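Asks: Next up is a structure, given as structure tokens.
The values are calculated or read from the model by the stated rules, or taken from the named source; none is laboratory data. Since this is a predicted model, take the numbers as computed values, not measurements. Virtual Cβ from ideal backbone geometry, glycine too; neighbours counted across all protein chains shown.
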């Protein structure tokens, strides 16, 4: 694979002419919030009219850019049943962060990718979606991040959402030249190397394999600037065998499975031991304490989220039971009830990105309130598990 620079002034430094396996690849590195990138992509595709246009998109992100009514097709209840609420929340937070930057620059995030799609379709050129499914990317990132580093990731996303600082002209000009999410991941690389590996490095491999196996001998590939060097390096490698690995969702480790069943088994065993040691009446008192210790904090979490009364009652009833099984958490139960009792409307889906950046928006928007119910109920249930477990152990040792 060779990298041949275009004659100075033809397209500029953001277009890389590559030769690989009999194919000529024009690799365009873009910023996802830059009008200059939009213009460049449109210019190159119309001038070159390649055999195919490869784009850093998957089917989900393409729908998000092109289908204005996509939220009408989202089955939130199915998302909850599949336990993908956290994935949806992170995806929305990242999209909201990009939109916030795009608003500062007066451009829709991903406009250059949409421009590539529009230009290719207008010329009758085949489009190749070369990026890995965003749901797989986010689930891999979440599952491979350690428990404590998850908090760092959440804090970093929250900081980006709630940062109200206005950018000056110099900062805006710099943003126009960057792939913003790639820059953010690079900055987080030292603290969250596993996240950078999945969001950037693995996708470099995936993008490179999809580009070089696309049909045609002359291709235009449109990708974020942060992926350019990685793709150029990976084009020379044969990573076909790696694709299966990097498109799989990591299974829950045996250790976590054991731990998930160990806690409820331990609680039940301790209650039995309390009954043997102190009698059935004391064991019954501890069971009632367990129910109250789990139910009350979970219900308080729901109340703090301004959940529907039925949801709050569901939290109180579910938490003592779900704490004794790793199959489903109280947060998912209450999120489902909340969707059934106060379903979000399409307008709230469309407004969620903007509402995410204000504290009041989380309570005002019924979609975001579902996430609040999920989070605060889960926190309450965790607190209750520790409080209830501590009381049982204290009784056993007395």
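Asks: Residue check, residue 252 against (1) modelled with pLDDT of 85 or more; (2) outside any helix (DSSP H, G or I), all met but one. Which one?
Replies: Among (1) modelled with pLDDT of 85 or more; (2) outside any helix (DSSP H, G or I), residue 252 violates only (1).
Asks: Taking the condition closer than 21 Å to residue 350 by Cβ and at pLDDT 90 or above, does residue 76 pass?
Replies: When the stated conditions are applied, residue 76 does not pass them.
Asks: Can you pull out every residue in the range 45-54 that is surrounded by fewer than 23 Cβ atoms within 10 Å (Cβ to Cβ) and either assigned to a helix (DSSP H, G or I) or modelled with pLDDT under 90 (or both)?
Replies: Within the range 45-54, 46, 47, 48 meet the criteria.
Asks: Test each condition in (1) over 23 Å from the mean Cα position of the chain (by Cα); (2) within 17 Å of residue 267 (Cβ to Cβ); (3) in a loop (DSSP other than H, G, I, E, B) for residue 326 and report the one that comes out false.
Replies: Among (1) over 23 Å from the mean Cα position of the chain (by Cα); (2) within 17 Å of residue 267 (Cβ to Cβ); (3) in a loop (DSSP other than H, G, I, E, B), residue 326 violates only (1).
Asks: From the list 213, 242, 217, pick out the single residue that is modelled with pLDDT of 85 or more, assigned by TED's automatic domain parsing to the domain that holds residue 58 and in contact with a strand residue (DSSP E or B) (Cβ under 6 Å, 6 or more places away or on another chain).
Replies: 217
Asks: With respect to residue 207, is the statement that it is part of a helix (DSSP H, G or I), in contact (Cβ under 8 Å) with a residue 60 or more places away in the chain and crowded, with 17+ Cβ neighbours inside 10 Å true?
Replies: Against the criterion (part of a helix (DSSP H, G or I), in contact (Cβ under 8 Å) with a residue 60 or more places away in the chain and crowded, with 17+ Cβ neighbours inside 10 Å), residue 207 qualifies.
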